[in-house]
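Following: one structure in structure tokens, then a few remarks.
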Amino acid sequence: MLTRKGKYGLKAMVDLASLPAGQLAFINDIAQRNKIPKKFLDAILVELRNAGLVQSRKGKDGGYRLARPPEEIRIGHIVRVLDGPLAPIPCASRTRYERCEDCDEDICHVRHVMLDVRNAISEILDNKSLSQMRDEAQRAPMEVMNDAVPPALAAHSG
């Protein structure tokens, strides 16, 4: 399950991806736009900076920006940095595998299902870039507004 830290981190990264390349954003602005507690966001951004996903500059003209173009940043990487492995159990993890002590992994049905779960999650998150997520987020409000207008009214509004 995605934690609140993971969710807030993704929101902050989408926010930074929405800025012109290289532009810095103040932490207070990111927090306000995304309804994230500032102190929590500060800790999240430190983790993302330590992982090489964002850069920061201190001082009056300081702030945060993406360390790489959003097309190069995968959602799966962000989630792993903030929430750890994608697999529901350690013996199904690729990044933090731990051998089971209570079963034979080759025939364990639980492990095989959890490998399928991990692979399905990875397939989506590792193949979606931050720029794709940003673009989907920017389209979503327009789609919601279009869906809110009944078709009969939409036909007469043109």
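Okay, here's what the table says:
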{"item": "Pick from the stretch 1-32, criterion outside any helix (DSSP H, G or I) and among the small types (Gly, Ala, Ser), ranking: nearest to ALA137 (Cα to Cα)", "result": "SER18"}
{"item": "Number of positions in the stretch 33-52 that are in contact (Cβ under 8 Å) with a residue 24 or more places away in the chain, under 16 Å from ILE73 (Cα atoms) and not in a helix (DSSP H, G or I)", "result": "1"}
{"item": "Whichever residue in the stretch 48-96 is among the basic types (Lys, Arg) and closer than 20 Å to ALA25 by Cα and, among such residues, is modelled with the lowest pLDDT", "result": "LYS60"}
{"item": "Failed item in (1) surrounded by 15 or more Cβ atoms within 10 Å (Cβ to Cβ); (2) under 13 Å from the mean Cα position of the chain (by Cα), with THR3 passing the rest", "result": "(1)"}
{"item": "Residues located in the stretch 97-141, provided they are outside any helix (DSSP H, G or I), surrounded by 16 or more Cβ atoms within 10 Å (Cβ to Cβ) and modelled with pLDDT under 90", "result": "CYS108"}
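This table checks each residue for (1) in contact with a strand residue (DSSP E or B) (Cβ under 6 Å, 6 or more places away or on another chain); (2) without any contact (Cβ under 8 Å) to a residue 24 or more places away in the chain; (3) within 30 Å of HIS112 (Cα to Cα).
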position: TYR8; (1), (2), (3): no, no, no
position: ALA21; (1), (2), (3): no, no, no
position: ALA31; (1), (2), (3): no, yes, no
position: GLY59; (1), (2), (3): no, yes, no
position: GLY76; (1), (2), (3): no, no, yes
position: VAL81; (1), (2), (3): no, no, yes
position: CYS91; (1), (2), (3): no, yes, yes
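The values are calculated or read from the model by the stated rules, or taken from the named source; none is laboratory data. This one's a predicted model, so the numbers in the text were calculated from it and none came from an experiment. Note that each Cβ is placed from the backbone with ideal geometry, even for glycine, and that neighbours are counted across all protein chains shown.
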